[in-house]
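Structure record follows, encoded as structure tokens.
The values are calculated or read from the model by the stated rules, or taken from the named source; none is laboratory data. Fair warning: this is a prediction, and the values are worked out from it, not measured in the lab. Cβ atoms come from the backbone with ideal geometry, glycine included; neighbour counts cover every protein chain shown. SASA here: full protein model, heavy atoms, side chains in, ligands and nucleic acids out. Shrake-Rupley method; radii C 1.70, N 1.55, O 1.52, S 1.80 Å.
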Amino acid sequence: MKRVGIIGTGSYIPEKVLSNFDLEKILDTNDEWITTRTGISERRVAKNDEASSDLAQVAAERALAIAGITPEELELIVMATITPDTHCPAGANWLEAKIGAANAVSFDITAACTGFIFALSVAEQYIKAGIYHNALVVASEIMTRTLDWTDRETCILWGDGAGAAVITEVENDRGILSTHIHTDGAGGDTLLMPGGGSKTTPISHESVDKKLHTLNMIEGNRSFKVAVRRFSEACEEALSYNNLTLDDVKVIIPHQANLRILQGMAKQLDISMDKIYVNIEKYGNISSATVPIALDEAVKDGTIQPGDLVLLTAFGGGLTWGSSLIRW
Ligand code: UT7
């Protein structure tokens, strides 16, 4: 059986910082509430002239440089995003042109906050099947453009950024041990962007007045509880599939939705928070991009060393959830 591994990671975070104190000036909220309820202190905002593929381009070029792969050597680009530059063509196609990956086929995956794990799973299968050899898996989001800035329960959570990984065949027992992905379409209406699709087009004054194009979060505390359960189940599934335990894992890289969700997961799995990588205070929730950004940071700050067992896990709109266990 072929083993597929990550041979380079990269990320890009826009420069502009939007702090909780900045939000205090435009919303009925305060730093203390946001920090205590979510763990977020600030988030980043893309420049007006930046689209998701621009953020993805920088992340991808950084990952390619580390992998030692040229854009022309890529055969596949799978981009996770719920904020593509355009709905047609796919965000991945804009990226393919920008990085000059003329020999790659490219397409998008819509799986909200679990998008990177879905994209990794898809790209992994193509390489395992011997169809392609070098693939770029990238997640990029400009969530700040989807928000209703008067909805204080939702808009305080999100930010912008991109993360990428180059994957190929690897040897010596390293690489992706398994990837597990799940959906529950019946729960999809708890976190959605109702407008912009065939249900609501053509876009009208009425649809804009009703803010149908913005991200809606219905009963955030209900999805909070589901998230804790699904994050934990996804970790347990990956470990039991590989006959491993949490003691074998060096670090869990989870989707960064809310610090309290991660604390709930730690409690449910009976592990210390030291085993869970957290950077939510700096960036907030960047949907699909949080996992590859945290992965890249954990590699660069030395948290992840060769041979370590790394567990990725995510939960998000759709509903979607999943995990991937990787021997680094
Ligand atoms: O990426 C994966 C998908 N994401 C999620 O699944 C999000 C999961 N949910 C959450 O992270 C949390 O539920 C929230 C952060 C959205 C909300 O936190 P909470 O602890 O569940 O708060 P709550 O909704 O129960 O609201 C508590 C109070 C309410 O006031 P009352 O009714 O108790 O008087 C809210 O109106 O906090 C109020 N509130 C705020 N106050 C200050 C809600 N948002 C704010 C705010 N600032 N920004």
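Summing charges over neighbours of residue 101, with a neighbour being any other residue whose Cβ is under 13 Å away from its Cβ, gives -4 when K and R count +1 and D and E count -1.
Here the accessible area of segment 177-327 is 51 percent carbon and sulfur, with a 1.4 angstrom probe and all protein chains present.
Solvent-accessible area per residue in segment 4-172 equals 39 Å², computed with a 1.4 angstrom probe and all protein chains kept.
Accessible surface area normalised per residue over segment 177-327 is 44 Å², counting heavy atoms of protein chains with a 1.4 Å rolling probe.
Calculated on C-alpha atoms, the gyration radius of segment 4-172 divided by its Kirkwood radius gives an Rg/Rh of 1.04.
Its Cα gyration tensor gives segment 129-211 an equivalent ellipsoid. The semi-axes, each the square root of 5 times an eigenvalue, are 37, 16, 14 Å from largest down.
Between the alpha-carbon centres of segment 1-52 and segment 180-238 there is a gap of 19 Å. For residue 225, a cut-off of 24 angstrom between C-alpha atoms picks up these lysines, skipping any fewer than 8 places away in its own chain: 267, 275, 282.
The relative contact order of the chain comes to 25 percent, based on Cα pairs under 8 Å that sit 6 or more residues apart. A straight line joining the Cα centroids of segment 92-171 and segment 292-328 runs 14 Å.
3J(HN,Hα) along segment 218-231: 9, 6, x, 6, 6, 5, 4, 5, 4, 4, 4, 5, 5, 4 Hz, from the Karplus curve 6.51 cos²θ - 1.76 cosθ + 1.60 with θ = phi - 60°, whole Hz, x for Gly and Pro. For the options 75, 24, 233, a Gaussian network treatment of the chain with springs between C-alpha atoms closer than 10 Å singles out 24 as fluctuating the most. Among 217, 79, 143, the largest mean-square fluctuation in a Gaussian network model of the chain (Cα springs under 10 Å) belongs to 217.
Considering only 231, 315, 116, give the residue with the highest GNM mean-square fluctuation for the chain, with springs between Cα atoms whenever their separation is below 10 Å. Of the options given, 231 has the highest mean-square fluctuation. Scaling the Cα radius of gyration of the chain by the globular reference 2.2 N^0.38 Å produces a ratio of 0.94. Each peptide in 270-282, 294-306 was scored by the mean count of other Cβ atoms within 10 Å over its residues; highest first, the order is 294-306, 270-282.
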